[in-house]
1. Can you find a residue in the stretch 75-97 that is modelled with pLDDT of 85 or more and among the charged types (D, E, K, R)?
2. Looking at Phe137, is it in contact with a Gly (Cβ under 7 Å, 6 or more places away or on another chain), among the hydrophobic types (A, V, I, L, M, F, W, C) and at pLDDT 90 or above?
3. Tell me whether the stretch 123-130 contains one or more residues that are at pLDDT 85 or above, among the aliphatic types (A, V, I, L, M) and surrounded by fewer than 15 Cβ atoms within 10 Å (Cβ to Cβ).
4. Just checking, which of Leu23, Leu11 is at pLDDT below 85, part of a helix (DSSP H, G or I), surrounded by fewer than 18 Cβ atoms within 10 Å (Cβ to Cβ) and under 14 Å from the mean Cα position of the chain (by Cα)?
5. So, in the stretch 120-140, how many residues would count as being in a loop (DSSP other than H, G, I, E, B) and hydroxyl-bearing (Ser, Thr, Tyr)?
6. Out of everything in the stretch 37-88 that is in contact with a Pro (Cβ under 7 Å, 6 or more places away or on another chain) and of a type outside the set (S, T, N, Q), what residue ends up being farthest from Phe107 (Cα to Cα)?
7. Taking the residues in the stretch 45-94 that are touching a residue at least 60 places away in the same chain (Cβ under 8 Å) and outside any helix (DSSP H, G or I) as candidates, determine which candidate is surrounded by the most Cβ atoms within 10 Å (Cβ to Cβ).
8. Output yes when any residue across the stretch 102-112 is over 26 Å from Ser138 (Cβ atoms), crowded, with 18+ Cβ neighbours inside 10 Å and touching a helix residue (DSSP H, G or I) at 6+ places or on another chain (Cβ under 9 Å), and no when none is.
Amino acid sequence: MKPNRSRIRNLRKYLVPKNNIWLTRAVLLFGFILLDYLVTLIFINNPMEEGNILVRTFMENYGIFVGLTLFDIIINIPIYLIITFNSHFAALPPKLSKIAEPIIEVFLAWFVAGYHYSGATSWFWNSPNMIRQFTGFSIYITFALIASQASNIERILVLKQKNSPQ
């Protein structure tokens, strides 16, 4: 029995966020996660140096590289799936979206980007955790604001170009 290839192709589209605000969020969030991952790999010499007990356990059982890689994949799959499925299935009404989108952005910035930025910079920036997390939060919000405004500016330029006499 052959699998229906068109059905598989249709399901494959759900593995990548639609090109909307969720795609921007995915790129931003996974940029912070990648920063944390790479900095940890660069600076860690012994699993005991890792502050997160779960990550440390993975590193002790599987080695630093494999343990950290496995942990990051396992822990970030739910985040990726939520972002991807929301981009395809959750379209809020415009009035509700104006309220919900900034709230979602703040939560993602604080709990994901801020946490990973704080974890990454803890290896080389000796400051309180809250300051590092707030800095990561601020960087995320700044990039998110620039990305959202870039799409608005692009729309204005396209409209202006369509309405201008040739």
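1. No, because not a single residue in the stretch 75-97 is modelled with pLDDT of 85 or more and among the charged types (D, E, K, R).
2. On the way: in contact with a Gly (Cβ under 7 Å, 6 or more places away or on another chain): yes; among the hydrophobic types (A, V, I, L, M, F, W, C): yes; at pLDDT 90 or above: yes.
For Phe137, the condition - in contact with a Gly (Cβ under 7 Å, 6 or more places away or on another chain), among the hydrophobic types (A, V, I, L, M, F, W, C) and at pLDDT 90 or above - is met.
3. Scanning the stretch 123-130, I find at least one residue that is at pLDDT 85 or above, among the aliphatic types (A, V, I, L, M) and surrounded by fewer than 15 Cβ atoms within 10 Å (Cβ to Cβ), so the answer is yes.
4. Details: Leu11 fails: under 14 Å from the mean Cα position of the chain (by Cα).
That would be Leu23, the only listed residue that is at pLDDT below 85, part of a helix (DSSP H, G or I), surrounded by fewer than 18 Cβ atoms within 10 Å (Cβ to Cβ) and under 14 Å from the mean Cα position of the chain (by Cα).
5. Residues of the stretch 120-140 that are in a loop (DSSP other than H, G, I, E, B), as a first pass: 122-128.
Subsequent filtering for residues that are hydroxyl-bearing (Ser, Thr, Tyr) retains 122, 127.
The total comes to 2.
6. Glu60
7. Asn52
8. Just the residues of the stretch 102-112 that are over 26 Å from Ser138 (Cβ atoms), to begin with: none.
Looking through the stretch 102-112, none of the residues is over 26 Å from Ser138 (Cβ atoms), crowded, with 18+ Cβ neighbours inside 10 Å and touching a helix residue (DSSP H, G or I) at 6+ places or on another chain (Cβ under 9 Å).
The values are calculated or read from the model by the stated rules, or taken from the named source; none is laboratory data. Everything numeric in this text was worked out from a predicted model, so none of it was measured. FYI the Cβ positions are ideal-geometry reconstructions off the backbone, even for glycines, and counts take in every protein chain you see.
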